[in-house]
1. Of 20, 38, 49, which is farthest towards the positive pole of segment 11-88's charge dipole, taken about the Cα centre with +1 and -1 on the beta-carbons of Lys, Arg and Asp, Glu respectively?
2. Using the Kyte-Doolittle scale, which helices in the chain average at least 1.6 and also have C-alpha atoms spread 27 Å or more along the helix axis, with helices defined as whole DSSP H runs?
3. Under the Karplus relation 6.51 cos²θ - 1.76 cosθ + 1.60, θ = phi - 60°, what is the ordered set of whole-Hz ³J(HN,Hα) values for segment 239-255, x standing for Gly and Pro?
4. For segment 238-335, what does the alpha-carbon gyration tensor say about shape, rounded, prolate or oblate, given a ≥ b ≥ c as the root eigenvalues, a/c under 1.5 as rounded, and a/b over b/c as prolate?
5. Among the lysines, select those whose C-alpha is under 19 Å from the C-alpha of residue 268, and discard any that sit fewer than 8 residues away in the same chain.
6. Separation between the residue 118 and residue 264 pseudo-spin-labels, each 7 Å from Cα along Cα→Cβ, expressed in nm?
7. In percent, what relative contact order does the chain have, based on Cα pairs under 8 Å that are 6 or more apart in sequence?
8. Taking H as built 1.01 Å from N, whose amide H comes closer than 5 Å to the amide H of residue 230, not counting residues under 5 places away?
Amino acid sequence: MKKPNARRHPLQNVRAFRGALLRWFGETAKSYPWRETTDPWEILVSEIMLQQTTVTSVLANRRFENFLDEFPSIEIIANAPEEKILRAWEGLGYYNRVRNLQKAARAVLENFEGTFPSDAATLETLPGIGRYTAGAVSSFAFDQPSPIVDGNIARVLSRILDIHEPIDSTSGQKKIWQAAGELLDQKNPRLFNSAIMELGQTLCTPRSPECLICPVRNFCQASSPADLPVKKPRKKFVAVEEHAFLHIQGGKILLSLGEDSRRKGFWKLPLREAERCAHLEPASKHRYVITHHKVTLHLYRSDPGDLLDGEKYHALTELESLPIATPVRKILVAEQ
Ligand code: SF4
């Protein structure tokens, strides 16, 4: 999309750039539950939850509010059993996120007497908290001048400054973070970070940026915005074949506690080697994607004469309260 010729470079006109962005945000800011709070625990929960889960999905199912109803403080989550926190996170995927939330809560209690540090560098020492999350908690909860860069902000900044290095490369990341720091409004870091993130969510979108109504169009250096940001080639999915049994007897179902990185702490269907099932006819076949794996699961009914380590019978009535990965739960619902 063609843009006006008289563009002012944002880094040479930072005050005007910030002013244009904040005026627009003041008029159009969306209302989200995590924008109604400055409690660092609540901000941290929202930031961790919104990594790899869309805003729409979190809002639609009240996942943020429900999680905080169950774990309203770091003391409560610090003492909760893992099974309970996994159950509360079920369906959101990437379960190490909630394990790290618990570890971070414990670290705040043990190392900071229960009070969150406000500066990004100290926040980054907490388990599972990277540079982005540290900056987000620091700026959103404490209004500290800490820059943040997530996918939306990286896209906006790469376009505004016409950066053609891959944003997921070391040098690209360095440039983007530097730009985020230089453009950040030191007096209004909470508002500025929210505004630039929202610009990426609403107008400066991946495929069709709405440059004609963009509040910072007169500063934007990109000649071909839709071609930015540049990214490194994508990691390929790994195809996995699994052979599982649906074995139910006397109102009980045989399940296995996952130990592999994809499903640690979650109950799954008992798996067997392909050779062990070669003579059997699968009752059904299921395909699903989990992390970077494309799984084809061949499901057989009944059998296990043998029980393996980690396998246990559970009453069918218990299924609702057990942590079970979403694809497996869907198979159970479809097959029972
Ligand atoms: S919407 Fe267009 S003008 Fe605005 S920052 Fe994105 S690419 Fe630039």
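1. 20
2. On the way: long enough: none.
Span-like helices, by this rule, are absent here.
3. Values per residue, Gly and Pro as x: 7, 10, 9, 10, 10, 10, 10, 9, 10, 10, 8, x, x, 10, 10, 7, 10 Hz.
4. On the way: a/c = 1.45, a/b = 1.09, b/c = 1.33.
It is rounded, given that a/c, with a ≥ b ≥ c, falls under 1.5.
5. 84, 252, 285, 294, 312, 330
6. Here the answer is 3.5 nm between the modelled labels.
7. Values: 485 pairs, mean separation 60.7, N = 336.
Relative contact order for the chain comes out at 18 percent.
8. Amide H to amide H, under 5 Å and 5 or more residues apart or across chains, residue 230 pairs with 167.
Readers should treat all values here as calculations from the given coordinates under stated rules, not as data from a laboratory. Owing to the predicted nature of the structure, the values given are computational and were not obtained by experimental measurement. Positions of Cβ are backbone-derived with ideal geometry, glycine not excepted, and every protein chain shown enters the neighbour counts.
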